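Where a number appears in this text, it was derived from the coordinates with a stated rule and is not lab data. In this text the structure is predicted, and so the values were computed from the model without any measurement. For neighbour counting, all protein chains shown are included, and Cβ atoms are generated from backbone atoms with ideal geometry for every residue, glycine included.
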Amino acid sequence: MLSGFPFLETVKPCSCDHSDNKVGCMEMERAALLDFKENLTDRCGDLSSWVGNDCCSWRGIRCNNRTGRVVQLDLGDPCQDGSWGLSSLVGEPLNPLLNLEHLNYLDLSTNNFGGIPIPNFIGSFKKLRYLNLSYAQFSGTIPSHLGNLSNLRHLDLSTRLFPFYKLNVNCLDWLLGMSSLEYLNMGSVDMSKLGTNWLQSINKLGSLKELKLGDCQLHSTPLSPPFVNLTSLLDLDLSFNSLNISILPFFLNVSSLVNLDFGYNRPKDPNLSVNLNIIDQSMPPKAKETLCRLQSLVLAGNRIGGEVDKLVDILVRCKRIKMLDLSFNQFNGSLPASIGNLSSLDSLDLSENQFTGPLPASIGNLSLLEKLDLSYNQINGAIPIKVGQLSGLVYLYLHDNSWEGVLSEHHFTNLTRLEALFISSSSGKSSLVFNVTNDWVPPFNLKYLVVSDLQLGPRFPSWLHTQNQLSSISLTNVGISDEIPTWFWKLLSKSVRLLNLSHNKLTGKVPNSSVLQQGSEVDLSFNRLEGQLPLRQFWSSPLRSLHLGNNLFSGPIPPDIGGNISLHLLLLDLSWNNLSGSIPPSITKIESLRLLILSNNQLSGELPWDWEDLQQLSIVDLANNSLTGTIPSSFSSLASLEWLILSNNSFNGELPSLKSCTSLMSLDLGENKFSGNLMTLIGETSAPLVFLRLRSNSFVGDIPKQLCHFSSLHFLDLAHNNLSGPIPLCFGNLSAFNGLWLPYAKRLRYQGYDQHMMIIAKGREVEYNTYGILDLVKSIDLSSNDLSGKIPDGITNLSGLGTLNFSMNQLTGNIPDKIGDLKWLETLDLSRNQLSGQIPQSLSSISSLNHLDLSYNNLSGRIPSGNQLQTLNDSSIYNGNPYLCGSPLSRKCEDDEKPSQGPTSLVNAGSEDKDSSDSEMQWFYISMLPGFVVGFWGVCGTLLLKKSWRHAYFNFLNDMKDWVFIVIALSVIRLQRKLKFGRV
């Protein structure tokens, strides 16, 4: 908010002693205030002072010294207990305020009025100059009665970015009654019904100094008025709408503009990519002048492309810009050296673009810079040492670029104010080396340290000993192969909320003295830490997540884990260790748990029986252990369960009903001893299954047709069971096999889980994971069952399918003729069935096919040739089909062995090769005929029809004849002379 408005000085909250008031408050107004208080719940005790007869002395009330009338009601402060946003006052009826008719200042912001509409009577306060109803949880249409407030200078009706209650507006004509309005904030008010008319109404408010219309669902590009009336506008916020950037020149005609926020405006058309530089020849000179004088410019998240040079050149000319945010766009090219001339900059954000080339050393000239964010670009080369000259720098974000070279203490020489340091290199760990001396004492005291994908080790950085204000420490994949020193664990107990030392080679044990702050997150995964599980070390710390996977921890999980570890724990990952013993029953008492990952250990015994308390549990991964017994029936009560991974254990028996698991996306029960009918397991399930892997069990019965209802399913593995019956005809309706990408993998990564799955593809067992391409795998494997009937023709509708394995069944009939429609197919295995007929020629059109097995069937006829099939010349692909012939088999086809028929016409030939050759010759001769006709008549026809051309042509021939005769005659004479003189 801008300061210095004269009217604010006259109505600001009074902090003086009211004992000097000559007139006390009026009884009618005191009664109205008490009536208003009666209808409210005062959470923070803000109205505790509302006692006694003199309401002018109550908190938030100010009266006119001469008349005693209440002129100011300021109840807008939230609770001052550190929990920002907690509404102080809760209630609904506001009618008693109607009696405060002399109000000139009304602030009811940050309260909770339960979604009631803004009262119409507020428009009757004709003397109001300040009205703030922001974040007060009103809803409905903003009343046009507010237009009666002709003296109003400050109007704030904004709500939260994601409000529970929503305000909307159907027109803005009522604003025209506020001729003195200087501040208008309607952030997050729904203006979608205004269409293109909103700008015309706003443009009539000539006194406006601040206009904030962020997140107002403005999506139509308005028609610009013929003239700009906003001659006093200083601050403009149009962020988080769907406006086209082409509207900017209109507002840049406002020469008074100082701050412009046009961030995150994306037109609703998802195909519209603004691939242009905002500075081009078409921008009016006046707009460029305004741009030059801006102090704050936010264009983040607009998909703006092009180079940034022209924009920088304009901003350099005036050198007034203090804050420049171009993040989340498509700017490219190298950063110009002239950027170092923006001497007034205190914040520069160029993150999430496509900048390349080196970082200019001139960046070190920005002496006032407090924030520099170049993250997520393609900037390469060494980080200039001059960065260390930015003495005002507080936040430095250089991660995810292609940095090279060495970082030394000289890069941090004058960074005495630095609080946040983020550095990583996408060029590989060895490309950037963090090399400082062992006794280096940094000039800064960091709060946030995030360093990854560079060479910081092999020794643990001793300079961290001096950083006693750290809140977040993340040193991932930095090549540390050392023990964690004792002093480091003591450092953690002070203020650290995030500790991530994953993907290094840390050794040794975790000491017993580890204590972290409430809500901390710890990740020590992918190291070489050993000994007993260090759970007791963290029991006194109310952790949110604990990653200890991929280490060398051994021994049992403590039996009392559920009664001691944090009751706020959301994630527990102990996977890929050497843990033994059983899973203790107390683990199911961690009611807040959402992710439980114990896979790839040596755990044994049966599962705890009671899981009903874990109603927030989303992911359970117990794969690759030696667990036994049946699955507890209490699993069926976990409605929030999304991932259930129990593969490669020794579970047995039938599964409990999963009907209530309506969120289940992945079910992997492979390599166990489960039995029962698939219909019982799947038939009643309405979950949004994506992965279903049941291979290597003892399931029986038909494949349920209900599988076809899973529209998100793109991985199905039922191999090595005892299934029978036909393949459902509806398999062709599994639409998720047609796409190439699904978004759930990002969700898993966000949750901190990486699922691993073994898949038979390309003739071998391959392990995929979420962080790789598991979300891209499209596979159907029904091999090694007792399935019968034909292969459904509809299977060829699954155009995105990568693996199709129906081998080792009792399938009959032909291979579908349109098998070639599976353009992305890499693996096709139909071996060891009873298929008959010819191999479809369309098979040769699958360019991605690299593993094929059709062996041991009853296929016949010639093996197709051409394209990708030429590279699959292994005869074992077709073994066991006695009626197949042709390459790569040694068995010749009958028409290959017929003798040549001698000379024949151009159409007939004795063999397929002869047919092809003669056919080509036939077309050669046929093509000669029109060529001869065109050539002959093109020359002779013109000579017959045009007399002058005919004379010229024959004259030319006559002259050529004479020239040839003379050349021959002269040559003969020269030869005779040579012979003559040669004899003399």
* Points 7 angstrom from Cα along the Cβ direction at LEU223 and GLN602: gap in nanometres? -> 8.0 nm
* Calculate, for SER848 and SER246, the FRET efficiency according to 1/(1 + (r/R0)^6) with r their C-beta to C-beta distance and R0 51 Å; round to the nearest 0.05. => 0.75
* Separation between the THR141 and GLN354 pseudo-spin-labels, each 7 Å from Cα along Cα→Cβ, expressed in nm? -> 4.6 nm
* Structure fact -> Projected convex hull area of segment 119-258, Cα atoms, direction-averaged, in nm², equals 7.5 nm²
* Structure fact -> With the dipole of segment 676-893 defined by +1 on each Lys or Arg Cβ and -1 on each Asp or Glu Cβ, the option from SER855, SER724, SER845 whose Cα lies farthest towards the positive pole is SER845
* Structure fact -> What the Cα atoms of segment 554-650 span along the principal axes, largest first and in whole Å, is 27, 27, 19
* Got a sec? Charge dipole of segment 572-643, +1 on Cβ for Lys and Arg, -1 for Asp and Glu; which of ASN625, LEU607, ASN577 is way out at the positive end? -> ASN577
* To do: Send over the Kirkwood Rh of segment 356-482, from the inverse of the averaged 1/r over different Cα pairs, rounded to one decimal Å.
  => 14.5 Å
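Can you give the Kirkwood hydrodynamic radius of segment 90-171 from its Cα pairs, in Å with one decimal?
In segment 90-171 this quantity evaluates to 12.9 Å.
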* Asked: What aspartates and glutamates sit close enough to LYS589 to cross-link, taking a C-alpha to C-alpha distance under 12 Å and skipping anything fewer than 8 places away on the same chain?
  -> ASP560, ASP610, GLU612, ASP613
* Take each of the peptides 658-666, 874-882, average the number of other beta-carbon atoms within 10 Å over its residues, and list them starting from the highest. => 658-666, 874-882
* Over what distance in Å are the Cα centres of segment 793-832 and segment 141-172 separated? -> 61 Å
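Need the full-extension length gain, ALA31 to ASP613, defined as separation in residues times 0.36 nm minus the C-alpha distance. One decimal, nm.
Length gained between ALA31 and ASP613: 204.3 nm.
If you stretched the chain out fully between ASP42 and SER657, how much longer would it get, using 0.36 nm times the residue separation minus the C-alpha to C-alpha distance?
Working: separation 615, 0.36 × 615 = 221.40 nm, distance 4.92 nm.
Result: 216.5 nm gained on full extension.
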* Asked: Taking one equal scatterer on every alpha-carbon of segment 145-206, how large is log10 of I(q)/I(0) by Debye at q = 0.12, 0.15, 0.24, 0.30 1/Å?
  -> -0.29, -0.46, -1.11, -1.37
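I'm a student and want to see the number: the projected area of the Cα convex hull of segment 56-209, averaged over all directions, in nm².
9.6 nm²
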* Structure fact -> Projected onto the charge dipole of segment 422-506 (unit charges on the beta-carbon of Lys, Arg, Asp and Glu, signs +1, +1, -1, -1), the Cα from LEU446, SER425, LEU464 with the largest positive-side position is that of LEU446
* Asked: Can you work out D for segment 626-724 in µm² s⁻¹ from Stokes-Einstein, where Rh is the Kirkwood radius over C-alpha pairs, the temperature is 4 °C and the viscosity is 1.567 mPa s?
  -> 97 µm²/s
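Considering only the other residues whose Cβ falls under 11 Å of the Cβ of GLU101, what net charge follows from Lys and Arg at +1 and Asp and Glu at -1?
Details: positive: ARG69, LYS126, LYS127; negative: GLU29.
That works out to +2.
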* Just need log10 I(q)/I(0) for segment 676-893 at q = 0.17 Å⁻¹, Debye formula, equal scatterers on the alpha-carbon atoms, no solvent, rounded to two decimals. => -1.23
* To do: Please give the peptides 602-615, 127-140 ranked by average Cβ packing (other Cβ atoms within 10 Å per residue), highest first, as a rough proxy for protection.
  => 127-140, 602-615
* To do: Net charge near SER327: determine it from the other residues with C-beta under 15 Å of the C-beta of SER327, scoring Lys and Arg +1 and Asp and Glu -1.
  => -3
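Which entries in LYS209/LYS371; LYS166/LYS212; LYS447/LYS509; LYS778/LYS818 show an alpha-carbon gap greater than 21 Å?
Working: LYS209/LYS371 27 Å; LYS166/LYS212 17 Å; LYS447/LYS509 26 Å; LYS778/LYS818 19 Å.
Result: LYS209/LYS371; LYS447/LYS509 exceed 21 Å.
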* **Using a Förster distance of 56 Å, the FRET efficiency for LYS126-SER367 (Cβ separation, nearest 0.05)** => 0.60
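Net charge near GLY263, counting Lys/Arg +1 and Asp/Glu -1 over other residues with Cβ under 11 Å of its Cβ?
Working: positive: ARG266; negative: ASP215, ASP237, ASP261, ASP325, ASP349.
Taking every Cβ under 11 Å from that of GLY263, the sum is -4.
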